[in-house]
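The next block holds one structure in the form of structure tokens; read it before the comments.
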Amino acid sequence: MAEQHRVAVVTGGASGIGEATARRFAESGANVIIGDVDSTRGERLAAELEHKGQKATYYHVDLASDEAVATFADAVAAEHGAPNVLVNSGGLLQNAVHLLEMDMAEFDRLWQVNVRGTLLASRAFGQAMCAARHGSIVNLCSLTSFRASAQVGYAVGKAGLKMLTEIMAADFGPKGVRVNAVAPGYTLTPAMQARIEKGERDPDVVIRGSALRRFVAPSEVADAIFFLCSPQAAAITGVTMPIDCGWLAMTAYNAYASQP
Ligand SMILES: NC(=O)c1ccc[n+]([C@@H]2O[C@H](COP(=O)([O-])OP(=O)(O)OC[C@H]3O[C@@H](n4cnc5c(N)ncnc54)[C@H](O)[C@@H]3O)[C@@H](O)[C@H]2O)c1
């Protein structure tokens, strides 16, 4: 087992992309730390992985709370030592909304969990990683890190996270810690599935808008995250990698008016 996969912390690890990532690291032999607000799903996943002979522990943490994140990082350090991997997958989605109609409380909540929560966890675990002079952090960006979207609060936050990834890479790089992000396209997670079922996302539009004519699977994002934390990615830091079935390319291609 690669040294950098010894202890892998995954926030939002109870569901969706975080869950797939926790499974991917556990399969590789890593000791996986699942941090989430959803104790039912988190405990069930940790128990399932342990039952299979893999190593996983669930911790309840609310990324919106400075105190909770500090307590989480301290508990992990005391019980498992400095992590080799931190994946910041805890987060909230948003539906399309007009600027003039958006509830500012929703904007604040998205910022607090998606951006501030990522920064809090990265500072809390990054301290031990920088002191140990090794480690890899992966943030969860989005297609809205690259393109305008009517998910106003979500998109502003994800664009900010792309910048935060670059800032963290520059700051932590000399201390031996790499920081990258993935930008998943439309990924069939429980959060996305629930929105499709409520009519808040049209799957046909997503499929037509993607070069590969399909959704991304959570395990495909997990594989990319796993790669970014591996020795094969040792020279990669500060990048935001789209995992989008070609949605970014296709939307630009389709924008040319006389396209057949
Ligand atoms: N699904 C997609 O299409 C998609 C696309 C691009 C980016 N993303 C990003 O990937 C990440 C994961 O999304 P997902 O689709 O897997 O969603 P999900 O809802 O399936 O999983 C998110 C997890 O984060 C946890 N969480 C939410 N708020 C939290 C908090 N305050 N503290 C701790 N944990 C919290 C949830 O309990 C859940 O387990 C998010 O950052 C999302 O923005 C998702």
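The values are calculated or read from the model by the stated rules, or taken from the named source; none is laboratory data. Since this is a predicted model, take the numbers as computed values, not measurements. Cβ sites come from the backbone with ideal geometry, for glycine too, and all protein chains shown count toward neighbours.
Overview of values
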{"read-out": "Checklist (1) farther than 21 Å from residue 179 by Cα; (2) of a type in the set (Asp, Glu); (3) within 16 Å of the ligand (Cβ to nearest atom) applied to residue 103, failing item", "value": "(3)"}
{"read-out": "Count of the range 198-216 residues which are modelled with pLDDT of 95 or more and surrounded by 17 or more Cβ atoms within 10 Å (Cβ to Cβ)", "value": "3"}
{"read-out": "Of all residues in the range 194-216 being part of a loop (DSSP other than H, G, I, E, B) and under 17 Å from residue 248 (Cα atoms), the one that is nearest to the ligand (Cβ to nearest atom)", "value": "215"}
{"read-out": "Of residues in the range 36-61 being more than 17 Å from residue 75 (Cα to Cα) and polar (S, T, N, Q), the one farthest from the chain's Cα centre (by Cα)", "value": "54"}
{"read-out": "Residue match in the range 201-215 (condition: of a type outside the set (Lys, Arg) and under 19 Å from the mean Cα position of the chain (by Cα))", "value": "yes"}
{"read-out": "Only listed residue being over 19 Å from residue 12 (Cβ atoms), small (Gly, Ala, Ser) and in a helix (DSSP H, G or I), chosen from 235, 252, 191, 257", "value": "252"}
{"read-out": "Residue, farthest from residue 115 (Cα to Cα), within the range 143-169, restricted to residues that are crowded, with 18+ Cβ neighbours inside 10 Å and out of contact with any helix residue (DSSP H, G or I) (no Cβ under 8 Å at 6 or more places or on another chain)", "value": "169"}
{"read-out": "Selected residue (criterion: modelled with the lowest pLDDT) from residues of the range 1-15 that are assigned to a loop (DSSP other than H, G, I, E, B) and more than 10 Å from the ligand (Cβ to nearest atom)", "value": "1"}
{"read-out": "Residues (more than 10 Å from the ligand (Cβ to nearest atom), surrounded by fewer than 18 Cβ atoms within 10 Å (Cβ to Cβ) and not in a helix (DSSP H, G or I)) located in the range 57-66", "value": "none"}
{"read-out": "Filtered residue count, the range 16-56, keeping only those that are of a type outside the set (Gly, Ala, Ser), near the ligand (Cβ under 9 Å from one of its atoms), part of a helix (DSSP H, G or I) and free of Cβ contacts under 8 Å to residues at least 60 places away in the same chain", "value": "1"}
